[in-house]
Amino acid sequence: MKYIKIKDFSEENFRRETGVKKKTFSLMVNVIKKVEKKKRSIKKGGRPKKLSVEDRLLMTLEYLREYRTYFHISNSYGVAESVCHENTKEIEDILIKCKDFSLPKRKEVVLNENEIEVIVVDAAETPIERPKKKD
């Protein structure tokens, strides 16, 4: 799904679709744009990106939130699987380095006197099929 289709969603539906609030999404977009502007000033030339920053961020959020394969995401956005992979890794790296969007460390949570509203842990387990040992 492209950003143009969801930008006018209500706050609740936007969060249901992307997993983040509109304000957080726009902060992420601003961080990514600043980093990319800095990279462009250092490195001249190169082929322009086919997708907007918003679409690439949305692609990354879809990958992280829905566990979609690069094949399915690439079909949704009309790009190659390799482009999906490169965009996702690039966006992830930028947001990780920013540290504004990271979870607090364990010690910070324990030492913090503020109450925590909600902590969500995804711990789904699925059985795996192991090959039988040959004697």
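The values are calculated or read from the model by the stated rules, or taken from the named source; none is laboratory data. Please read all numbers here as calculations on a predicted model, not as lab measurements. A quick note on method: Cβ atoms are made from the backbone with ideal geometry, for glycine too, and the neighbour counts reach across all protein chains shown.
Quick look at the values:
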read-out	value
The one condition in (1) over 22 Å from Phe14 (Cα atoms); (2) surrounded by 11 or more Cβ atoms within 10 Å (Cβ to Cβ); (3) over 13 Å from the mean Cα position of the chain (by Cα) that Lys105 fails to fulfil	(2)
Single condition Val20 does not satisfy, out of (1) under 29 Å from Val121 (Cα atoms); (2) modelled with pLDDT of 90 or more	(2)
Matching residues in the range 24-76 - criterion: being surrounded by 13 or more Cβ atoms within 10 Å (Cβ to Cβ) and of a type in the set (Asp, Glu)	Glu36, Glu54, Asp55, Glu62
Residues of the range 1-21 classified as under 26 Å from Ser74 (Cβ atoms) and either of a type outside the set (Val, Ile, Thr) or not in a helix (DSSP H, G or I) (or both), total	14
Helices (runs of 4 or more DSSP H) lying entirely in the range 69-119 (those with 3 or more residues that are farther than 15 Å from Val53 by Cβ and at pLDDT 90 or above)	70-77, 81-98
